[in-house]
1. Please report the orientation-averaged projected area of the range 171-255, defined via the convex hull of its C-alpha atoms, in nm².
2. Determine how large the accessible area of residue 279 is when every protein chain is in place; take a 1.4 Å probe and give Å² rounded to the nearest 10.
3. If I stretch the segment between residue 25 and residue 296 completely, what's the gain in nm (0.36 nm per residue apart, minus their alpha carbon distance), one decimal?
4. Cross-link list 210/235; 176/210; 235/375; 146/176; 236/375; 284/373: which exceed 20 angstrom alpha carbon to alpha carbon?
5. Just subtract the alpha-carbon distance of residue 139 and residue 166 from 0.36 nm times their residue separation and send over the number in nm, one decimal.
6. Can you pull the one-decimal nm distance between simple spin-label points at residue 118 and residue 149, each 7 Å off the Cα toward Cβ?
7. Need one value: the accessible area of residue 320 in square angstrom, 1.4 angstrom probe, rounded to the nearest 10.
8. What is the calculated FRET efficiency for residue 111 to residue 82, with r their C-beta to C-beta distance and R₀ = 41 Å, to the nearest 0.05?
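The values are calculated or read from the model by the stated rules, or taken from the named source; none is laboratory data. What you are looking at is a predicted structure, and each value in this text was computed from that prediction instead of being measured. Neighbour counts run over all protein chains shown; Cβ positions are idealised from the backbone, glycine included. Quick note on the areas: whole protein, heavy atoms, side chains included, nothing else; ligands and nucleic acids left out. Shrake-Rupley method; radii C 1.70, N 1.55, O 1.52, S 1.80 Å.
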Amino acid sequence: QSWSRGMSYCLHSESHLDTGPIYVRENGKLHVVNQGAGGIQHVTSKTRPFRLFSRGFSVELCMNREDDRARRQRTDHFIFTYTKEGNLRYSAKSLFSLVLGYISDNVDHIDSLIGFPEQIAEKLFSAAEARQKFTEPVTGLRALQKFTEAYGNLVLCSLCLRNRYLVISEKLEEIKSFRELTCLDLSCCKLGDEHELLEHLTKEALSSVKQLLLKDNSLSDAGLRRMTAPVRVLKKGLENLLVLDLSCNPKITDVGIGYLLSFKKLNCLDISGTGLKDVNAVIKRLQMQIGLVHSEVPLKEFDHSNCKTEGWAEQTVLQWEQAAMEAIKPQDNLKSRTAALRFYGKTHRIEEVVKCKLVEAETKASGNLQFYKEKVPSCHLPLKKEVVGSHELKNNKKRALAEQERERTSKQKHLCLTVEDWDLLNTY
């Protein structure tokens, strides 16, 4: 009784607080304290369960966004789904995905990725790419360089920038950061001889390029001299080049074709639409010195279908292109201004970009100048001693002629180098 009186006194003294029912376990049984009478009642099965929240109570899940930057989207730490009944259900993300998201948000602060597993690095690159981290001006370049230094051709092995001069001008440093490219398509970009990207082609970073397409880029003999100077003298640069497209460059003459003879590994060459004066002499020269034969039919290596953007950064290049296209959308309003000027009798000069289709039509009319290297069939049949002896004599004669040709070409190399060549070579 004294215990119940003390409990009743405690309940009456704090009656202003809504503490709810109080349960007491005594002798293995659960009892509820009756606040009105001050006594203890046994809990029966008919007692309604106590509701912690009312029927209309709702909970809203909020995330702490104090550390987020302005206008920056952040992935929540929960995955929201719906059940069959239509109820909202959420579950926490895995620790791996949380860590991956955090690192991708701060990918520009990574010191190095050398030695990091490729499987995890690919997922990290995709997560950063989804957040468009590589489109940012400064931090994107820094992050992209960390990946290219560690993984090379996995990030990008083939790059197609055909008719995308805006992307080249906006993301030149990012494009120069790609290493170990095997295929590079720069057709119809009107780069010219002095463009920084063409100078970058002579660096050792792009010595792995095997297919280079420079169609319709306003190149001349001076540009070819700059491109081939490291190969001709230092044996560096585009020494592994197999396919080269120089079509639709009318400023390239017979002199410029002479610079291409340093590409000994060249298998396919397209010089259609160039300004050659003596075509027959050029055909014989290419066949005699580097073994290229004139093709009567168009080669499939120059249909631009083999060179595509491939690698982890494929979507990144598409993001660059979309950003460049959005930047020139406001210029569409200039058409209305042009119409107004014509109405008032004023002329307005509009410089239209020359498309590759027009140049291709001129090239077809002038003739096809594509070359390929014939494959020598291998013979495994046993030869007679007489035949072997005759072959040895022929080989000795060929070696002697080859040595004489090397001495003559070496002298020509030293004589054909100009002051500009030496100034260019001093930069390497």
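1. Average of the hull's projected areas for the range 171-255 equals 5.1 nm².
2. Number for this one is 50 Å².
3. Numbers: separation 271, 0.36 × 271 = 97.56 nm, distance 10.18 nm.
Gain on extension, residue 25 to residue 296, equals 87.4 nm.
4. On the way: 210/235 15 Å; 176/210 17 Å; 235/375 25 Å; 146/176 13 Å; 236/375 26 Å; 284/373 13 Å.
Listed pairs above 20 Å: 235/375; 236/375.
5. Extending this stretch completely gives an extra 7.7 nm.
6. Rounded to a tenth, the inter-label distance reads 2.0 nm.
7. Number for this one is 10 Å².
8. Values: r = 42 Å, r/R0 = 1.04.
Efficiency computed from Cβ-Cβ geometry: 0.45.
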